[in-house]
Amino acid sequence: MLVQVWHFSFTVADIERSVAFYRDVLGLELAHRQEQANEYTRKFVGYPDAHLKVAQFRIAGAAINRSGHMLELVEYVAPKGEKVDTRTKNPGTAHLAFEVDDAPAEYERMRALGVRFRSAPVAIEAGINKGGYTCYFLDPDDITLEVIQPPKRE
């Protein structure tokens, strides 16, 4: 039986560049860093020469799960991976949405820092989040992220 989500993970090309983005641009709190070049890691990732650099983040002040983090970034030092097409239309790709209280203000703040957006915030006109705002943006590895401002609920 599933109990809760432990964390989710993105594979990145350059852990230092990604740590700077998620910490300094998005404001996530770096919870833990480690390198994994051991037998158990090699077994569970399925690469006999695996060497990983890992950074784990949480949202400061938010309730977190037992693992102590919610986002894990992994750089494969070995074996090196290849860039994949991360566009959201492609099966197997994912995105992560961050709730914000003011989507237009976050858009302007991040755009001023050089963040690449697919669009300015869009008014949500239908469905459960009607009355809110949302937009997609990209991290340094072209991983799609989202800011969503939910509608005011009564």
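The values are calculated or read from the model by the stated rules, or taken from the named source; none is laboratory data. Quantities reported herein were computed from a predicted structural model and do not represent experimental measurements. Heads up, the Cβs are rebuilt from the backbone with ideal geometry, glycines too, and the neighbour counts pull from every protein chain shown. When the accessible area is computed, the model is the full protein with side chains, heavy atoms only, and any ligands, DNA or RNA have been set aside. Shrake-Rupley method; radii C 1.70, N 1.55, O 1.52, S 1.80 Å.
Listed here are the residues, each with its yes/no results for (1) closer than 28 Å to residue 117 by Cα; (2) not small (Gly, Ala, Ser).
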residue	(1), (2)
8	yes, yes
18	yes, no
42	no, yes
70	yes, yes
89	yes, yes
93	yes, yes
Practice prompt. Name the residue, out of 34, 4, 56, that is surrounded by 14 or more Cβ atoms within 10 Å (Cβ to Cβ) and either of a type in the set (A, V, I, L, M) or outside any helix (DSSP H, G or I) (or both).
Written response: 56
Worksheet, complete the sentence: Going through (1) open to solvent by 60 Å² or more (accessible area, probe 1.4 Å); (2) in contact with a strand residue (DSSP E or B) (Cβ under 9 Å, 6 or more places away or on another chain); (3) over 15 Å from residue 12 (Cα atoms) one by one, residue 39 fails only at (2)
Worksheet entry | Test for residue 16: is it assigned to a strand (DSSP E or B) and either on the phi > 0 side of the Ramachandran plot or of a type in the set (Asp, Glu) (or both) | no
Response to the item:
Considering residues that are assigned to a strand (DSSP E or B), open to solvent by 60 Å² or more (accessible area, probe 1.4 Å) and in contact with a helix residue (DSSP H, G or I) (Cβ under 6 Å, 6 or more places away or on another chain), the number found within segment 101-154 is 1
Response to the item:
Residue hits (segment 7-31; open to solvent by less than 40 Å² (accessible area, probe 1.4 Å) and of a type in the set (Gly, Ala, Ser)) are 18, 20, 31
Practice prompt. May I ask you to say which residue of 63, 20 is of a type in the set (A, V, I, L, M, F, W, C), more than 12 Å from the chain's Cα centre (by Cα) and modelled with pLDDT under 95?
Written response: 63
Worksheet entry | residue 82 being surrounded by 16 or more Cβ atoms within 10 Å (Cβ to Cβ), farther than 23 Å from residue 134 by Cα and of a type outside the set (A, V, I, L, M, F, W, C) | no
Fill in: Residues of segment 64-79 satisfying the condition of being closer than 14 Å to residue 143 by Cα and either touching a Ser or Thr at 6+ places or on another chain (Cβ under 6 Å) or loosely packed, with under 11 Cβ neighbours inside 10 Å (or both)
72, 73, 74
Worksheet item: Pairs, please: C-beta under 6 Å, at least 6 apart or cross-chain, first residue over 15 Å from residue 96 (Cβ atoms) and in segment 1-29, second surrounded by fewer than 13 Cβ atoms within 10 Å (Cβ to Cβ)?
Response: 29/60
